[in-house]
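One structure is given here, and the rest of the page talks about it.
The values are calculated or read from the model by the stated rules, or taken from the named source; none is laboratory data. All of these numbers come straight from a predicted model, not from anything done at the bench. Cβ coordinates were reconstructed from backbone atoms using ideal geometry, including for glycine residues, and neighbour counts include every protein chain displayed.
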Amino acid sequence: MLDYSKSFIEEQFPVSKISKESYKERKSGADQTLTGLGKWWGRKPLVMVRAIIIGALLPVSDDYKKDRDVFLEIMGMSNNCLLRRKIKQITIKEIYKNISEADQQKYFNIINDSPKIKGRLSANDKKYLQEMAFLNLSYDDKLTYCIRSEQMSDENINWHFVNAHLETNAHSIETLVNELSIKRYRKNVVVGDCFAGGGSNVFEPARMGCDVRASDLNPIAGLLTWSDLNLIGSTPDNYNKITEFQNLLFDTVVDKIDKLEVEDNENGDIAKFYVYCNEIICPECGYKVPLLPTLVFNVDNKSIIELIEEPETKTYNFKMLMNVSEEELKQADKKGTVSDAALNCPHCRKSTSILAIRGGGDSTKIRDWDIKDFIPKDNDVFTERLYAIKYITLKDKKQREVFRKKTGIDKPFGDTYYAIPTENDLKREKKIIEYVNSHFDEWQKRGYLPIAEIENGEKTIELERSRGWKYWHQLFNPRQLMMIGIMAETISQLADTKEKYAIGMLILHKCCDSNSKLCRWRTNSRQGITENTYYNQALNTLYNYGVRSSFSLYTVANLNFVNYPIKSNKTVVLEDAKLIDYNCNIWITDPPYADAVNYSELSEFFIAWDRTLLLKAFPEWYVDSKRALAIKGTGKSFNESMVAVYSNLTKHMTDNGMQIVMFTHQDTKVWAELSMILWSAGLRVTAAWCIATETDAVGIKQGNYVKGTVLMILKKQSSEETIFKDELYEEIRDSVKEQIDSMRELDKNDNPDFTDGDYLLAAYVAALKVLTSYKNIAGLDVQYELQKARNNPENSPVTQLINIARKEANDYLVPSEISTSVWKKLTAEERFYIKGIELELKGNKQMSSYQEIARVFGIRDYTAMLANTKANCVRVKNASEYKSSAMNDEKFGSSLIRNILMAIYVSVRDENALSGRNYLKSKFEENNQYWKYRNDIMELLDYLGKAKEKENMPKWKNDSEYALMLREALRNDSI
C-alpha cells in the first residue's frame, strides 16, 4: 500500500551513495553541466538536487527495502544501472583481482607473478569478465568507470520494476515526475527557489519535468539561472543558433584586434600572455624596484628573471634566462624583491614595509583614481610595466585560425618561448594606450566600459586602500580594457535576442574573470598560465599579474555546455525573497546563512560590465546588486529577515507541500537558531540528511577543506499544543534512541554506511522533530532568543534541548568491542581517539569523518592527535609517535588512554611489556588506582591490539603487538 501523505526523503535517504555521486560530479570540474556558463559560488551538485526531487515525490510503502531499491534504480545507483553507466574498461590486472577463484583458474595463467589471459577470449567472455569484476568493486571504485548519474539515459532504468512498485506507467524521468505529481498534488509539481544563485535547485527539477519558479535579489544570479534554463535548456534549433552566434562573436572580435596589429611580433610569432609588475621607489636608495615575489618565471622550463641595474636612471631592466640549473632555480626563488609585505631592495639590500612606503590610514600616500584614469600616473606610489611575454611560433595566419579553433593546443603547430619585451613590444603597448584613450569616453557613454564606482565593503575596501582604485574599470590594464571593450561593443552590435545577449554577457564575465589585474601569474604552472580573478572568494591586489592575449582568451572565455532541452514551464524573476507572491509545492532553498559568501559584493565585479547589455536583454530587471537588501550577518536583523522570508515561503506553499533548506553549519547554537527561525515561520522538521564530499586542498588553501550540506526537510506546522520544557526531555531521549536504533538496524541489514556524523545529525533531527511538533513551549520566548547575539555565553532553551540529544547520541556511539561502562568513563578527547582508531580499522581515512567525530564530541582542536592531516590519508598518532610528548595537556595528555599509549611506547622502547606495566603502576600508585583501572586498561589494550592484523595499518603493527603483550602482563599481575 502506497502512502502519499509521506515522502521517501522523510523516511530514508541513501546519504553515502549520494555523497559519493556528488563528489564525482564536483571532481569533474569544468565538465560539470552548469559551471561552463560562468562563475557562481557554492553551486550544489545536480545529482543531490535530483535525489531531493525523487525523494520528495516518491511515496512510502510498508516495504522499506523495496522503497530504497526503487529510489536507487531511478537515480541510476542500483548495481544494474551502474553497470549500464560503465564506459571505461577494467584492466586485466584489476579484473583478476576482482573475480572469483574459479574464474581466475578458468581464464588466467600466472606468468612471472602477473596474470595472463589463457588463449583468445570471445566477445561474450570479455563482457562477462568485465561485468564480474565490476560488480565486485566497491561503490567508490565502480564510479571511476562510470558516467555521472545525471548524465545517464532514462533507457538504462528498469521501468518495469519501478512501475510495478509505484503503480505507474512511466517510461522516462519526465513521465514519472508527472505521474507522481498528479498522484500527490493533482497537477504537475511546481518547484521554487527564492535564493536561486547559480541555478542548480531549479535547473535539475526543470530538466526532470517539474515546472519551476526561480528568483534572486542579485541580477548576476538571475542571469545565470535564466541561462541555465534557456541556453542549456534550449531547443536543439536554438542551441545551434547560440553556438553559431558565439563563433561569430569571437571571429569578429579577433578580426578587430588583428587589424590593430598589437599582438604579433615582427617575426610573426603570436603572443599568448603578457606579464606585468608594479614598481615602487625604495625610500632608502631611490631606485625604482620591480615588485616580484620571485625571480622564477616558470618552473617547468626552468626560466628565471635577472634584474639589470641602470644606475643613470636608478631603474632596472630585465633578462630572461632559460633552462637554468636546479640550484639557480632555487636561488632565484629566494631573490624576490617583495616578501611578507616588505620591499627587499636588490640595490641597497634593505627591507622596508610596503605599508610604510604607501602609508596607511590618514597618512596614506595612495592617490584616489579619477573616473577617467585607466593607467597609473608617473608620481603614483605604484606604477606598472610589462616585463615578459609568452610567445608561440606559427608559420602563417591560417595556422593561427586553425590553432585558435583547436582550443589552444599548441604542440602540433609551434613552440612557446618567453621573452623580455623589445622596443617594438613597448611601442605596441603605447599604441594600445592611445587606442583605449581615443575610445574611452565613447565606450563609457555607450556602456562598453564600466562607469560604476566601487562601493566599499568587506571584500572591496582593499582595492581603494592599497591601490586607490575607485572605479571597476581600474581593475583592468589598457590591453585588457581594449579586448573586453571591443568584446562588449561587438556583443551590442551583433545581439538581437535575449539568448544572444545572455551568451554575450556570460562570455564577457569569463573575459573579466580570466583577464584582470587580479589574475596571478602561475610560476609553477607547466603551461605557463594565469589564475582567475576569483581563484578564491576575494578581490586580491597583486604585485605582478598575467594578461591573456585574444588568442589565449578564447580558450577560457568560450562557453562549452551540453544541450538538455527543457519542455516544462519555467520563470525567472529578480525579487526580494520576502516579497515573492507565487505558490510552489516544493521549495528548495540554500539561504545566504551567516555571510558564508558575500555574494552581493563579489558579483558587483561582473554587474559593472553588464549594465547596458542587461537592460537591453531584460528591460524589466534592474542593474544593482541590492547590497543593502541582501540577507547577511548574524543577530537580530538577520534572524528577523530569515523569519520574514520563510514565513512568506510557508504562506506560498501548498498544505501538503514541502521545504528543503540547505545549510552547512555544525554548531549546536547555529542549529538552535535556524530551528527557531523555521519554527517561527510556521514549519516543523520531519527529517534531515547530511551529504558530504571531500577533496584535496588546492591552490592557496592550507589544510583540509570539506564540503558538506545538511538537507533539512520541513512541512507546515499543524499542531496547536503547548508543552512544558521538562516534559520534552524524556520525549527527546526516547526519540533519539528510536532514531538511532532504527538506523543501526538498517546499517546491519542494508549496509547504507552511516557515519558517526549521521548518527549525531539524526539525534539533532530527532530533537527538532519533537520540538517543532508543538505550537509552543511554555517559558520559551522565541523572539527574545532570536534577538540574542550568537556569541552570548548563555545557551538558549533550544540549545539545551539539542545538547541533550547530543549527549544521548554520544552514549550510543560505542565501538562494538568496548563495553558501555568503559565508554561512559572516557573523556570527549579519549572518545575521539578511540573513534579515530575505529575509522582506521575500517579503512576510513577521510578528514571529513574525523571532523564529524570531533563535532560529535564537541572538540575544536584535535590536530595534535593526528599523525597525518592530508585528505584521504588521515589517522591518529600511534603510541610510538606520541612518545612522551603532550603529557602535560590538561585534557587528553593526562587521560587514561594517553597513559596507556605511554605504557605501550615504554614497552616498545625497552622491548619488554613489564616496563609498560611498571609505568602504569607507578602512574596510578596513589590510593591503589592501578587496581581500580586495571580491567578498563586491559579492555582498551585489547582494542588497540586489533590493529596488529590490519594490512592497512602498518604503522600500528609493532605497537599493537606490544599492546597485546602489555594486556597479558596486566592479566598475569593478578596471579
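Please verify whether segment 455-471 includes one or more residues that are in a helix (DSSP H, G or I) and among the hydrophobic types (A, V, I, L, M, F, W, C).
yes
Results for (1) under 26 Å from ILE357 (Cβ atoms); (2) among the small types (Gly, Ala, Ser); (3) outside the structural domain of TRP41 (by TED's automatic domain parsing); (4) touching a strand residue (DSSP E or B) at 6+ places or on another chain (Cβ under 9 Å), shown as yes or no for each residue.
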{"position": "ILE461", "(1), (2), (3), (4)": "yes, no, yes, no"}
{"position": "PRO478", "(1), (2), (3), (4)": "yes, no, yes, no"}
{"position": "ILE491", "(1), (2), (3), (4)": "no, no, yes, no"}
{"position": "THR497", "(1), (2), (3), (4)": "no, no, yes, no"}
{"position": "THR530", "(1), (2), (3), (4)": "no, no, yes, yes"}
{"position": "ASN540", "(1), (2), (3), (4)": "yes, no, yes, no"}
{"position": "ARG548", "(1), (2), (3), (4)": "no, no, yes, yes"}
{"position": "ASN563", "(1), (2), (3), (4)": "no, no, yes, no"}
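Among the candidates ASP368, ASP362, single out the residue that is modelled with pLDDT under 90 and either assigned by TED's automatic domain parsing to the domain that holds LEU295 or touching a Phe, Trp or Tyr at 6+ places or on another chain (Cβ under 7 Å) (or both).
Within the list ASP368, ASP362, the selection yields ASP362.
Do the conditions hold for ASP237, that is, is it of a type in the set (Asp, Glu), closer than 29 Å to LYS578 by Cα and surrounded by fewer than 23 Cβ atoms within 10 Å (Cβ to Cβ)? Give the steps one after another, and end with the answer.
Numbers: of a type in the set (Asp, Glu): yes; closer than 29 Å to LYS578 by Cα: no; surrounded by fewer than 23 Cβ atoms within 10 Å (Cβ to Cβ): yes.
In short, no.
Quick one: which of ASP300, ASP255 is more than 34 Å from the chain's Cα centre (by Cα), modelled with pLDDT under 95 and either within 30 Å of ASN558 (Cα to Cα) or in a strand (DSSP E or B) (or both)? Give the steps one after another, and end with the answer.
Values: ASP300 fails: more than 34 Å from the chain's Cα centre (by Cα).
Going through ASP300, ASP255 in turn, just one is more than 34 Å from the chain's Cα centre (by Cα), modelled with pLDDT under 95 and either within 30 Å of ASN558 (Cα to Cα) or in a strand (DSSP E or B) (or both): ASP255.
Is it the case that some residue within segment 493-508 is assigned to a loop (DSSP other than H, G, I, E, B), crowded, with 23+ Cβ neighbours inside 10 Å and either among the small types (Gly, Ala, Ser) or touching a residue at least 60 places away in the same chain (Cβ under 8 Å) (or both)?
No, there is no match, as no residue in segment 493-508 is assigned to a loop (DSSP other than H, G, I, E, B), crowded, with 23+ Cβ neighbours inside 10 Å and either among the small types (Gly, Ala, Ser) or touching a residue at least 60 places away in the same chain (Cβ under 8 Å) (or both).
I need the full set of residues from segment 297-329 which are of a type in the set (S, T, N, Q), over 19 Å from GLU423 (Cα atoms) and surrounded by fewer than 16 Cβ atoms within 10 Å (Cβ to Cβ), in order please.
Passing the criteria: ASN301, ASN323, SER325.
Which of the residues belonging to segment 308-364 are among the β-branched types (Val, Ile, Thr) and closer than 24 Å to THR541 by Cβ?
Across segment 308-364, the qualifying residues are THR315, THR337, VAL338, THR352, ILE354, ILE357, THR364.
When you scan segment 584-607, do you find a residue that is at pLDDT 95 or above, in the same structural domain as GLY336 (by TED's automatic domain parsing) and of a type in the set (S, T, N, Q), even just one?
Within segment 584-607, not a single residue is at pLDDT 95 or above, in the same structural domain as GLY336 (by TED's automatic domain parsing) and of a type in the set (S, T, N, Q).
Given the options LEU355, LEU321, name the one that is without any contact (Cβ under 8 Å) to a residue 40 or more places away in the chain and touching a strand residue (DSSP E or B) at 6+ places or on another chain (Cβ under 6 Å).
Only one candidate qualifies: LEU321.
Residues in segment 32-54 that are within 15 Å of the chain's Cα centre (by Cα) and either at pLDDT below 90 or not in a helix (DSSP H, G or I) (or both): how many?
10
Does ILE486 satisfy the condition of being β-branched (Val, Ile, Thr), outside any strand (DSSP E or B) and in contact with a Lys or Arg (Cβ under 6 Å, 6 or more places away or on another chain)?
Yes.
Is there a residue in segment 736-759 that is modelled with pLDDT under 80, touching a strand residue (DSSP E or B) at 6+ places or on another chain (Cβ under 8 Å) and within 25 Å of SER19 (Cα to Cα)?
yes
For (1) surrounded by fewer than 21 Cβ atoms within 10 Å (Cβ to Cβ); (2) without any contact (Cβ under 8 Å) to a residue 40 or more places away in the chain; (3) not in a helix (DSSP H, G or I), each residue gets a yes or a no:
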position	(1), (2), (3)
GLY836	no, no, no
GLY843	yes, no, yes
GLU852	no, no, no
ASP861	yes, yes, yes
ALA871	yes, no, yes
GLY893	yes, yes, no
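State which residue is surrounded by the most Cβ atoms within 10 Å (Cβ to Cβ) when the search covers only segment 543-573 and only residues that are in contact with a Leu (Cβ under 7 Å, 6 or more places away or on another chain) and within 26 Å of SER625 (Cα to Cα).
Here the answer is VAL572.
Please verify whether GLY192 is in contact with a Ser or Thr (Cβ under 7 Å, 6 or more places away or on another chain) and either in a helix (DSSP H, G or I) or not aromatic (Phe, Trp, Tyr) (or both), treating the condition exactly as stated.
Here the answer is no, as GLY192 does not meet what is asked.
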